[in-house]
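The values are calculated or read from the model by the stated rules, or taken from the named source; none is laboratory data. Note that the structure is a prediction, hence the values are computed from the model and not measured. Quick reminder, even Gly has a Cβ in these numbers, built from the backbone with ideal geometry, and neighbours come from all protein chains shown.
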Amino acid sequence: MPDGAFDVSVLTPESELLSTSARAIVLRSSDGDLTVLDGHTPIITDVVPGDVRVDRTEGDPVHMAVHGGYLQVETGQGIDGAEARSTRVTLLAATAELAERIDVARAEQARAAAQARIEELRAAAGRAGAAGIGAAAGAGGEQGEGEGAPPEDLELAEAEAALARAEVRLQVAGARG
């Protein structure tokens, strides 16, 4: 393997999305932007949704839409036991997609549908909130602990997550809008 190169594997539950020799991997964790180079300090960190770029040793960089996951960087002795260090990077993602495989039209449709659903749910919540102010006061108040979020809140969270996924896919595909 050339100097400064290391192995990168990107795994999803369905398949090994990528296995290559790389010079760098660039992503974002909850702690901020992260660039991994050969000899990086061993680490396990989360990966927040966004673009993950793998700078391969040969060929163009690979971009992926990753919707969260975990990254592990292992650094140890060379395979032959010499003093040379070797680095291995593994990214485990529940969902990831190579940029060139993103269906932009489908992602745009998903974004529009999610935006429409969010608007619909917020409008319904506004109407229910205005109508329910007196009723809630008369009924004795608020939900007790452990009752969980109302179904409308869960639907809104799901729609917002769908919108975020569509926007990540479009950003990675280069179709900003």
Where in the range 1-113 are there strands (runs of 3 or more DSSP E), lying fully within it, with 3 or more residues that are farther than 24 Å from Gln171 by Cα?
69-77, 85-93
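Let's see how each residue does on (1) surrounded by 16 or more Cβ atoms within 10 Å (Cβ to Cβ); (2) out of contact with any Phe, Trp or Tyr (no Cβ under 8 Å at 6 or more places or on another chain); (3) at pLDDT 95 or above; (4) over 14 Å from Ile25 (Cα atoms):
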{"position": "Met64", "(1), (2), (3), (4)": "yes, yes, yes, no"}
{"position": "His67", "(1), (2), (3), (4)": "yes, yes, no, yes"}
{"position": "Ala84", "(1), (2), (3), (4)": "no, yes, no, yes"}
{"position": "Leu91", "(1), (2), (3), (4)": "yes, no, yes, no"}
{"position": "Ile118", "(1), (2), (3), (4)": "yes, yes, no, yes"}
{"position": "Arg122", "(1), (2), (3), (4)": "no, yes, no, yes"}
